[in-house]
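Just passing along the structure, written as structure tokens.
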Amino acid sequence: MVFSNLIFLYLFLPANLLLYYLKKNTAYRNFILILFSLFFYAWGEPVWVFVLMFSVGIDYCNGRIIEENRGGLLAKLALGLSIILNLSLLGLFKYSGLLVSTLNAFLPFALPVPEFSLPIGISFYSFQALSYVVDVYRGQVPVQKRYDKLLLYVSLYPQLVAGPIVRYSDIAAEIDSRRVDASGFARGLTRLLCGLTKKVFFANIAGSLLKNYADADPASLSVAGAWVGMLLFTLQIYYDFSGYSDMAIGLGQLFGFHYRENFNYPYISRSATEFWRRWHISLSSFFRDYVYIPLGGGKKHTLRNLLIVWCLTGLWHGASWNFVLWGLYYGLLILCERLFLGKILEKLPALFSHLYLLFITVIGWTLFYFTDFSVLTAYLRVMFGRGGAPLWDVRLGIVLMNHLFWLLAAILFCMPLVPRFQRFLAQHLGSASLAGIRVLEAAMDLLLLLLCTCLLVGQSFNPFLYFRF
């Protein structure tokens, strides 16, 4: 099941809210959330629910062992077991095919390539479980003594299948006690509908236009067409993933959980370093806290540490070598910015540093999009005018004219216009006027829901891009 689905919006979520708010008892509400979360996850492939529950059970037991044998050998063994188990499950389902295929390229015989269907969200919930056990071992969070509460933390459906990666410390207190008032519920609903609009109105339309370019034979494209194709993907992946994160944060607020922000308008950045402080913040902070700093951070072996982290960042996104190339691409850019490029960018006018960021980002998403290196090479050649591709084509002009206002809106809403407008209203209007604004916000919520409903009617299955990661 996905959030951008009429069954979810008009059946699943209302039923969940109705049953959840029947009683104020926290234990009852936790039970309802676990029940609905497991049903949500089992909607497509019920068998993966047992993998999730088994993984949580192992981490629950290891957390208890660590707490009871703090500083001892058993605590270290329990930590090691959790790390090995979580990474082994992730490796088995996600990377075994890539490993065997790579080995076959060097072996004189061919090994059978395993073909596992990937459990949705395993990259996200494996990292959440790992962060819990490591934080318990470090003494940064208290151990959870009840399995059902740890299961609730890992399985909460707002963030289960595509993040953000929620730390246990962020919601540990809310698992035991939380409350939702009318204003908090309204903010959550608005955030949910804004995220849904990002997905349905921006990401889905960008994806439908993208197929005409990125999925076409590169030889049939003009130079401008190839760049427009990757610009569309740049917009699609931002609105798709940030839209999901908005929906996850909004859904969490409906039930009293407060997740950290996962996106902060990354395309307004002026460097690759700043971009990754704003893009998929929960993943960047995970690798920083659990890989980069333990390896020594910037104090020793900085180059090695950066390359390891960015190789892993790329590999986390998919079992294909183009993702590793994409990760190393950003790792080298960030290294160059640390050594000398960052100082140059700081001295440049803001326009030029923004253009630098947009250029490297579009190239980066090109590396990310194409898993076939021959197609990737052919597409890049067209982008840079190699091979005699024309600069422009008539069909591209027609597409741009037909979608001009949509494209302008998609570009504008990558910028923090809405929060700036909200701050302006809050500073210049009185409390009475703010009450009127809340009425307008409620009306806008209704309009967004109607718009998304109209766009979803008759649509085929449209999963979020990060479901496959």
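Quick check: residue separation of Asp148 and Asp176 times 0.36 nm, minus the Cα distance between them. What number comes out in nm?
Extra length available between Asp148 and Asp176 comes to 8.9 nm.
Let me ask something else about it. Semi-axes of the stretch 269-308's equivalent ellipsoid from the Cα gyration tensor, sqrt of 5 times each eigenvalue, largest first, rounded to whole Å?
Value: 19, 12, 7 Å, ordered largest first.
In the chain, which whole DSSP H runs stretch at least 27 Å along their own axis (Cα) and average -0.5 or higher on the Kyte-Doolittle scale?
48-68, 223-254, 350-369, 431-456
Ok, one more. If we count every other residue with Cβ under 14 angstrom of Met247's Cβ, Lys/Arg +1 and Asp/Glu -1, where does the sum land?
0
In the stretch 169-193, whose amide N lies under 18 Å from the spot 7 Å out along Cα-to-Cβ of Tyr28? List them in ranges.
Only 176-181 pass the distance filter.
Using a 1.4 Å probe on the protein chains only, how many percent of the accessible area of the stretch 199-259 belongs to carbon and sulfur? Let's see the in-between values first.
Numbers: 780 of 1330 Å².
Within the stretch 199-259, the accessible surface is 59 percent carbon and sulfur.
Pop the C-beta distance of Met415 and Trp321 into the FRET formula with R0 = 45 Å and round what comes out to the nearest 0.05.
Working: r = 34 Å, r/R0 = 0.76.
Efficiency, from the Cβ-Cβ distance: 0.85.
State the extension gain, in nm to one decimal, for the chain segment bounded by His258 and Phe340, taking 0.36 nm per residue of separation less the distance between their alpha-carbons. Present the calculation step by step, with values, prior to reporting the outcome.
Details: separation 82, 0.36 × 82 = 29.52 nm, distance 3.89 nm.
Contour length minus Cα-Cα distance gives 25.6 nm.
Then there is this: Starting from the Cα of Ile7, step 7 Å along the direction of its Cβ; do the same at Glu45; then give the gap between the two resulting points in nm.
Placing both labels 7 Å along Cα→Cβ, they lie 1.7 nm apart.
From the Cα trace of the stretch 16-104, what convex hull volume per residue do you get, rounded to a whole Å³?
Enclosed volume per residue, from the Cα hull, is 123 Å³.
Per-residue ellipticity at 222 nm for the chain, helices alone: DSSP H runs ≥ 4 residues times -39500 (n - 2.57), over residue total, nearest 500 deg cm²/dmol?
On the way: 23 runs with 306 residues, N = 469.
The per-residue figure over the chain is -21000 deg cm²/dmol.
Taking only Cα atoms of the chain, what ratio of Rg to Rh do you get with Rh as the Kirkwood inverse-distance radius?
On the way: Rg = 23.4 Å, Rh = 24.2 Å.
The Rg/Rh ratio comes out at 0.97.
Can you run the Rg to Rh ratio on the stretch 78-155? Use alpha carbon positions and the Kirkwood inverse-distance Rh.
We get a ratio of 1.13 for the stretch 78-155.
Could you give the semi-axes, largest first, of the ellipsoid that matches the stretch 235-322, computed as the square roots of 5 times the alpha carbon gyration tensor eigenvalues and rounded to whole Å?
26, 16, 13
If you don't mind, there's one more thing I want to ask. So what is the accessible area of the chain per residue, in Å², with the probe set to 1.4 Å?
On a per-residue basis, the chain sits at 47 Å².
First select every other residue whose beta carbon is under 15 angstrom from the beta carbon of Leu417; then total the charges, Lys and Arg +1, Asp and Glu -1.
+3
Over 28 Å, how big is the tail of the calculated P(r) for the stretch 1-152, in percent of all Cα pairs?
When all Cα pairs of the stretch 1-152 are counted, 37 percent exceed 28 Å.
Using 10 Å bins from zero, what percent of all Cα-Cα pairs in the stretch 103-222 falls into each bin?
Here the calculated profile for the stretch 103-222 is 10, 23, 25, 22, 14, 6, 0.
Please compute the net charge surrounding Ile175, taking Lys and Arg as +1 and Asp and Glu as -1 over other residues with Cβ under 14 Å from its Cβ.
For residues surrounding Ile175, the net value is +3.
Here's another thing I want to ask about it. Probe radius 1.4 Å, ligands and nucleic acids ignored: give me the carbon and sulfur share of the accessible area of the stretch 32-112 as a rounded percent.
Exposed carbon and sulfur together represent 77 percent of the surface.
Give, rounded to the nearest 20 debye, the magnitude of the charge dipole that the stretch 280-402 has about its Cα centre when Lys and Arg contribute +1 at Cβ and Asp and Glu contribute -1 at Cβ.
Magnitude of the dipole: close to 360 debye.
May I pose another question? Please compute one quarter of the surface area of the Cα convex hull for the stretch 154-236 and express it in square nanometres.
One quarter of the hull surface, i.e. the mean projection, equals 7.7 nm².
Still on this structure: Give me the one-decimal Kirkwood hydrodynamic radius in Å for the stretch 248-389, with the sum taken over alpha-carbon pairs.
Kirkwood radius, the stretch 248-389: 16.7 Å.
Defining a contact as two alpha carbons under 8 Å apart and six or more residues distant in sequence, what relative contact order in percent does the chain show?
With pairs under 8 Å counted, the relative contact order is 18 percent.
The values are calculated or read from the model by the stated rules, or taken from the named source; none is laboratory data. Since the structure is predicted, the reported quantities are computational estimates derived from the model, not experimental observations. Cβ: placed from backbone, ideal geometry, glycine included. Neighbour counts: every protein chain shown. The protein model used for the area step is the full one, side chains on, heavy atoms only, and it has no ligands, DNA or RNA in it. Shrake-Rupley method; radii C 1.70, N 1.55, O 1.52, S 1.80 Å.
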